[in-house]
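The values are calculated or read from the model by the stated rules, or taken from the named source; none is laboratory data. Owing to the predicted nature of the structure, the values given are computational and were not obtained by experimental measurement. Cβ sites come from the backbone with ideal geometry, for glycine too, and all protein chains shown count toward neighbours. In case anyone asks, the SASA skips ligands and DNA or RNA and just uses the protein heavy atoms, side chains included. Shrake-Rupley method; radii C 1.70, N 1.55, O 1.52, S 1.80 Å.
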Amino acid sequence: MRIWVDITDASHVVFFAPIVRRLEDAGHTVTLTARRFANADLVLRRYGLSGVLTTGHRGGSLGPRAVGLLNRTAQLLGSASSGRFDVAAGSHASDFALTAWTLGIPQMTFLDDERLRRSNAVNVRLVDEVAVPEAIPTATLGALGAPLEKLFRYPGFKEEYYLYDASPDAEALKRLDVDPRRVIGVVRPARPERGFASGAPRTPGEAALAGLVRELAGRRNVTLVLVARDQEQRQRYLSLGAPGLIAPDGPVDGVGLIAAADFVLGDGGVMTREAAALGTPAYTVSLGASAAVDAALLAEGRLKRAVKPDDVLLKKKRARSALTAPRDPQLFVDRLLELGRHRSRRARLGRLVQDAGDAGTPPLV
């Protein structure tokens, strides 16, 4: 089969890489398109992948975002119209969904509730299948207009699948000159939000996280490795003056660090879920309403809340052992191929109108 995979964020490369490898190993032809956003092109090369690069992300107000949507849709139409693809896969991208729908290509979109927005109300009507973790309630997706028959609800969470092939670097701590005999914690702040004053914490939970870091990194025999989002965030944590805190200046092997660490501390996000998938104790300072997957991990005890330093267990972990068996991404490969085999290139417009009518909303035409 000829398969089109669209990448719009660096994190999508990590998720789709094992899927692409399995498809290519099985003899299928995979074409990648990637938006110039969050160093997606650099991460592609790191994973040995290449793709057709399209226009970058246009954030901000509705006007620039609309222009960006139109520009990238036009670029995707130009690159995909001659591909004769049998099936397509992407994540959270309206331009990709619109292009595949226009060209009559059966498509699957992967959604998670951390990024669910009103714009996904367009995507779920255009695509043939919506792949989501079982933890996300069907009512949440139904509110966006996704009919039950379109949902492919898979067990677990995406980090468990893309880490299935992971071979953590046993030298990850040594490369940072960290003494493995100490209790090692990895700290991952949340992505900075706009509207915060320069030099101040830029996420609601960052003040709480910084307080814990100051206390824990002052403990005897404890080393915290900060994986900062940007230089400003890195400098802000270094200014805490905590003796046991180190902050690498540049990219690090996140998976290798998590596997070698004794715990991971963050404000929600991917790295705490990666820790849960790899069997490393994971803590979050977030006290607000959790995303569905994080809420499920909290209920299972695979993720714990940390309000004060004593909430974090400071001891060497005995061995890395996840609480659930690894989940093979072949599940997604098989589902994608099945979609390509069994969904004809039907008239998309009629189906879109029907979906909109079923959801009780005006047709998106």
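List of remarks:
- Derived scalar couplings ³J(HN,Hα) [the stretch 256-266; Karplus, 6.51 cos²θ - 1.76 cosθ + 1.60; whole Hz; x for Gly, Pro]: x, 5, 4, 5, 8, 6, 8, 6, 10, 10, x
- Under 22 Å from residue 304, Cα to Cα: lysines that are on another chain or at least 8 residues apart: 158, 315, 316, 317
- Solvent-accessible surface of the stretch 274-327, taken per residue with a 1.4 Å probe and all protein chains present: 54 Å².
- Under 5 Å from the amide H of residue 34 lie the amide H atoms of 7, 52, 53, 54, each residue being 5 or more positions distant or on a separate chain, with H modelled from the backbone and absent for Pro and chain starts.
- Remark on the stretch 76-178: hydrodynamic radius 15.5 angstrom, per the Kirkwood mean of 1/r across alpha carbon pairs.
- Among 8-21, 264-277, the peptide with the highest mean count of other Cβ atoms within 10 Å heads the list, and the full ranking is 264-277, 8-21.
- Residue ranges 220-227, 254-261, 181-188 sort as 254-261, 181-188, 220-227 when ordered by packing (mean number of other C-beta atoms within 10 Å per residue, highest first).
- Annotation: amide H-H contacts under 5 Å for residue 282 (H modelled 1.01 Å from N, sequence separation of 5 or more, or interchain): 264, 304.
- Three-way shape call for the stretch 231-281 based on the alpha-carbon gyration tensor, with the a/c threshold at 1.5: prolate
- Accessible area ranking (1.4 Å probe, heavy atoms, ligands and nucleic acids excluded), largest first, for 315, 150, 174: 174, 315, 150.
- Amide H within-cut-off set for residue 187, under 5 Å, with H built and near neighbours excluded: 225, 226, 227, 265
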